[in-house]
Every structure is written in structure tokens, then in C-alpha cells.
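Here is the structure we will look at, set down as C-alpha cells.
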Amino acid sequence: MKVIAIGNPNVGKSAVLNRLTGSQIFVSNYAGTSVEAARTRMIIADREVSIYDTPGVFSIFSNTDEGRTVRRLLEDEKPDIILNIVDATNLERNLVLTDELMALGIPLLILLNQIDMARDLGIDIDTRLLSERLGHPVISFSATSGEGYAEFIKTMEAKFAIPPRETDQDIIKPRVYSIGESNGQYCSGNCWNCSKQINECTSEADLQRAQEARIISNLVTNMTNEGQRLKLSRIQTWIDKPILGSFFLLFIAYLGFYTLLKFIQLSEGPINALLVPVGQTIEKFLVNTLPPGWFSEIIAQAVPEGLIIPFTIIMPAMLVVGLFMAILEDTGLLPRYSVALERLGSVFGLSGQGIIPLALGFGCRTPAIVASRIMPNHGQRFIIVTLLSIVIPCSATLGVLAAVIAAFNAYLAVIIGMMLLVFAVLAKLLSRMVPREEFIYELPPLRIPITSNVINKIKIRFSGFFTEVLPLLLVMNIAVRMLMDSGALEYFKAMEGFSRALFGIPGEALIAVFITIFQRYLAPLVLINLSLTSREATIAIAMISLSLPCLPAIVMTIRELGLKNLVKIIMMGLATSFSVGIFLNIILPQ
Amino acid sequence: MNMNDIKVGQKVKVLTIEGKGAEKKLFDIGIMTGAQLELVSRHPFRGPLVIKVGNAKVALGRSVAKQVRVEAI
């Protein structure tokens, strides 16, 4: 039996599923969307029930990645039951979606989540009357306390007992709705086809649904007492104070950064100690098994090397950032960042929450790319990852850059000025291409995170480390090694004239720019062995620090945004680096 | 008057939403003609407004808030 869970954003949907199924979770990425759909399983009355989690949507017709994911799941999986998760504290608004779902002709089971919080607010909901009005079973539920679990199982067992389709069709008399992208001749203005043309404004059907939802909500809801003020809502009032709250949020973010960098720093030693012998064994094994030659030498070197980066940098990054993101999401703090940072971001034409991954990038860019999921849409995410890849120097890069700048007596102010200038110009240009959306955010009530929920979310974020990240990094590492070993880069020395004329630096310094792909902090070290003037060094360092993402960042970008976007970023990186070189060569006095 | 003109703590009723751009998104979060709103806080430097819609809190940028025409209740 297949069940698809659908609900508005912020109704605590994943917490409900966690409560229902425990922590068995299977993650699958849905092609064409940036949104994952997770599947969980449970056994009811000896029968296996697959429950699909979906991203929160306000409408199944909405023209967003989330809406598309939900529609595709509905079409592909043909669920036996839709589990509609409704926030009891915002019944009226949630019922609009319920009304849409009712019209699909699929049996619904409505879980009135956060019923405990609703009671605390003094909201009393007559579930029996609600169930009568909707024609579908309604269960009061609390993911926090587990209330309603037994009733859910009982209802599901009853669904097994009677063949669901026959009984339900009598009750709901489906209207002519279709989720299919190509609809037949009937149309009431509620199909995907029609809502596509009018998705920027509300349709008559939308307004009808809203009205119906208001009527039902008013009918079944009684406001009892004033409601007691919860301890959490008192904290919330404090956090939602514009200035004080912003400082608090920044402090939490700082704690997160600190933990992450400390974790990477502390875990590197033990992980290395573990990996070095493993790497040596692999190297020995490869040398012994492969036929001797250039290729096997490279493989034997690149494979153990390729293991170090994912385990020492990417793994801790995915774990710690995953943990913090999960906690921020689960507590409801995450959207508060976008509110607090909105003004700052808008200076650069960015969404406010972009400040978080950008700041994180000064520590290490790999977790920052993971954290760019904080962005509201794909376009904004692309901007942030591009800025991270090209402009933001990570702490490792900064250290080496400082050393090289000192060694050549390069013009520090020029380099910093160039970085700021490129950041501002790039951010402005990119945000022109992907305009900021109108700022509309829901601020969910603060909640105490549920441990199993947090663990599941980390699992989701971490999935793909062994299947995608690790193999990809190994392959890329082998490829880069081969490129470097083949002597292809030596050709750049022959470009002396070109390099001198355009950038005012020797051809060998140009090699360093390309080595940034391999490891950014390695590139400046190539410069150390050359004899450069301050002017040459300044140009070369500026070109290196404003160029390409490092290998771990490249791998994360492929995983998070796809190869096509990575290619775009690399092209932009090269263009930036060359423009910086040419620009400085023109303006800096000889 | 629009949402930008009201005082913190004031309760208002939505008359219309001007312009079509944000109408659907506002509708999704419950801001539509006839809805009752309360201004909770205003972020400094012309930052977003925090508004109570039903039992939910919503943040609106000033440019969107300008499109929401309201009357006092």
C-alpha cells in the first residue's frame, strides 16, 4: 500500500512521519527538482505500507520545485491514500490545500498535527464535525507527545479491511480535477494546465477554496479561554524583537561556525591517522596488482590521496552542517535569519540568508556549499555558490595568501580592494540575472527539536557521501593528477609573450592560476619558487584568489547543483581571473 | 492606507491587494481580501515587517507590504 504525505510548509510533517514510522528512511532525489522525496516504511496489520514524504506546499498546482515534486509523486506512485497533515493552530489556511486534495478522488486521511499546541492557544477543534464536513477521517495528532498514534493505526487497519476505492468514491463524489499536465476536455480551472497560466494570481477556484476553508474552520473551531502563554512563546517574543533577536541569531550562527571549524580541526588528526595506513595498503595493493607503468603509478598515488579529502574535509562538513541546519530548521530559527539579514543582503541584491553560507565560506567552502540550501530558490543558490567559488577565500587559502603576499611584498590593499570590487560587481551582475523574489516568509512557531527527526535529516543530507561524493572525488583526483603529470601545464611556459602582454606576469605564474583547481592553497606556493617583482606578484595573487573553486568544492557543486552549473561557474571563474589580470595590468604603474 | 502606514500592535483588515506580482504568494500564506492582520514588529533600516495572520507569523518586505491596502478595525 502506498501513502503520500502532503501538507503546508511548517506543519511539522517530517516530525509526524518520524513519530509514525521510526527512523527507517530511504532518500531518493527526484529528477529535475532540487527537492528530495524521502520514503519510509511501516508494517500495519502485517502489511507493508510505504509512506512518501514530500516538501511542504500551499497548493499542489503551484509552479515551484516543491509543487512539481508533489505532482510527479502523485502521478508516478498512484497512492492508495493521501495523508494530509494539517496544522491545528492554522486550520483555516491549511484547509485550502485539503480542499484541493479532496478533489483528486484519492482517499484522504487527515492528521490534525500540533493539537497540543492548539489547545495551549485556547483553540478547541471539533474533529468529529470536521470529519463529517470533509467526508474523510480526521485524527487529532501530536508528533511531540505521540497522541493520536493508536487511532492512526486503527484507521489504517480499517482501510485494509474494506477495499478503499469503492467505499470512498460514494462519499466524496470527485469534482473534475486533474493533476495531469495534459488534461482532458473537462476543466473547472483547477487543473495544472489552467493554473499554469494564472499561477501568478489567484483564480476564482482559489478564492472559492479559501472561502470554503474559512467557513469550515469557523464552524468547527471554538476559542475557549485566552490560552496560556507557553514558555517557548515567551522566548519567541524575545527572539522576534528586531534588534535584540538579530544579535541572538548571529551569536547562534557564530557558535555553529566555531563548532564546525573546531570539529574539522580536531577530527583531522585521528581521521588521518586511521586513513594513512589504509591508504598505504591500497597503494601497495594497486602497485602489486596493476601492470607497472605511468598509469598505474598515477592511480596508486591518486587513489589513497583521493580518500583523504572526502574523509577529512567533506565528511565532517556534511555532518556538522547537516546537524546545524537540521536544528535550525526543526526549531524554526532558519527563516528568522532571512528576516534579520534581509537588509544586509539587499545591498548586494541577495536574499538575506545568503550571508550565512558566505560567512561560512571564510572557514571552508565545502560546508558553505552544503549550507547554501538555506537559499529560497535555485537561482539564489547558484549566485551564492558562484560567489563562494570565485571570490570568498577560505581560511586555508587566506593563510597561504598572506605568506605569499609577505614574501613578495605584494600590494595587500590592491588585492583586498580587487576582491571587494569583484564581489560587488559579480553579486550585482548575477542578481540582475536572477532577480530577488518578493520578500514573503512565514515564521513558524519555535519548537524544541525532536532528536530522531534531527538524526533523520542528517541522514538525508549525508546520503550520497559514499555513493556520489567519494567516487566522484576519486575520479577527479585521478584526472587532475594525470593532467599535472602529463606535463600539459608546461605548455603555459611557452605562453610567456601572451601572459606578459595581457597580464604582465611570466608564463610560469599563469600555471599557478590553473593549479587552483587542484588545491587552491597549493597555487600560491608555486609562486614562491619564482622570482617576481611586487607588481607581478600582486597581479598573480589577485588572479589566483579570484579564480576557480577547489576540488572538494567542485565535487560538492556537482552534487548540489549539477554539472551544467559547475561548468558555468568555472567559465565565470576563468573570465573573472583574466579580467582581473588585464585590469590590474592596465591600472598598476610599472 | 497600506501595511507600511500602520502602527506596531494595530489590527487591520485587508481591503485589496494591489498589483498581481505577489498576490498568489500572499494568498497562500493567508493574506487576502477580508483577512485580519496585526503588525507585530518592524525591522530597522526599512527591513521587513512581521505580521500576525491568524495564529501564524509572517514576514513581508516593505515593497510587498505596500501592495496590501488595509483599513483599521
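If the condition is being outside any helix (DSSP H, G or I) and crowded, with 21+ Cβ neighbours inside 10 Å, then the range A:74-95 contributes A:PRO79, A:ILE81, A:ILE82, A:LEU83, A:ASN84, A:ILE85, A:VAL86, A:ASP87. Taken over the range A:433-443, the criterion of being more than 7 Å from every other protein chain (Cβ to nearest Cβ) and in contact with a Pro (Cβ under 7 Å, 6 or more places away or on another chain) is satisfied by A:GLU437 alone.
Checked against the criteria, A:ASN63 does not count as under 21 Å from B:ALA56 (Cα atoms) and either within 14 Å of chain B (Cβ to nearest Cβ) or in a loop (DSSP other than H, G, I, E, B) (or both). Residues that are in contact (Cβ under 8 Å) with a residue 60 or more places away in the chain and surrounded by fewer than 18 Cβ atoms within 10 Å (Cβ to Cβ) were ranked within the range B:48-73; the one that is farthest from the other protein chains (Cβ to nearest Cβ) is B:ALA72. Show me the helices (runs of 4 or more DSSP H) entirely contained within the range A:311-392 in which 3 or more residues are touching a Pro at 6+ places or on another chain (Cβ under 6 Å). By residue number, A:315-331, A:365-371. Against the test of being assigned to a loop (DSSP other than H, G, I, E, B), more than 9 Å from every other protein chain (Cβ to nearest Cβ) and not hydroxyl-bearing (Ser, Thr, Tyr), the options B:GLY30, B:GLY9, B:GLY34 yield a single qualifying residue, B:GLY9. Contact annotation: residue pairs with Cβ atoms under 7 Å, 6 or more positions apart or on different chains, pairing a residue in the range B:27-47 that is at positive phi and surrounded by fewer than 22 Cβ atoms within 10 Å (Cβ to Cβ) with a partner that is of a type in the set (D, E, K, R) and assigned to a strand (DSSP E or B), are B:GLY34/B:LYS13.
The rows are residues; the columns are (1) within 14 Å of chain B (Cβ to nearest Cβ); (2) in contact (Cβ under 8 Å) with a residue 24 or more places away in the chain; (3) surrounded by 17 or more Cβ atoms within 10 Å (Cβ to Cβ); (4) closer than 20 Å to A:HIS378 by Cβ.
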{"position": "A:THR40", "(1), (2), (3), (4)": "no, no, yes, no"}
{"position": "A:VAL49", "(1), (2), (3), (4)": "no, yes, yes, no"}
{"position": "A:PHE58", "(1), (2), (3), (4)": "yes, yes, yes, yes"}
{"position": "A:ARG72", "(1), (2), (3), (4)": "no, yes, yes, yes"}
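Can we say B:LYS24 is facing chain A (nearest Cβ under 7 Å) and farther than 24 Å from A:VAL11 by Cα? No. If you go through the range A:278-294 and pick out every residue that is part of a helix (DSSP H, G or I) and either without any contact (Cβ under 8 Å) to a residue 24 or more places away in the chain or surrounded by 20 or more Cβ atoms within 10 Å (Cβ to Cβ) (or both), you end up with 8. As a summary of the residue check, A:TYR491 satisfies the conditions (1) over 30 Å from A:ALA15 (Cβ atoms); (2) touching a residue at least 12 places away in the same chain (Cβ under 8 Å) except for the one numbered (2). Considering the conditions (1) more than 11 Å from chain A (Cβ to nearest Cβ); (2) in a strand (DSSP E or B); (3) in contact with a helix residue (DSSP H, G or I) (Cβ under 8 Å, 6 or more places away or on another chain), B:ASN4 is excluded by exactly one of them, (2). A search for C-beta distances below 6 Å between a residue of the range A:89-107 that is farther than 13 Å from A:GLY7 by Cβ and away from chain B (no Cβ under 14 Å) and any residue that is of a type outside the set (S, T, N, Q) and in a helix (DSSP H, G or I), counting only pairs 6+ apart in sequence or on different chains, returns A:PRO107/A:PRO164; A:PRO107/A:ASP168.
Values in this text are rule-based calculations from the coordinates and carry no lab data. The structure presented is a predicted model; accordingly, all values stated were derived computationally and were not measured. Using ideal geometry, Cβ is built from the backbone for each residue, glycine included, and neighbour counts are taken over all protein chains shown.
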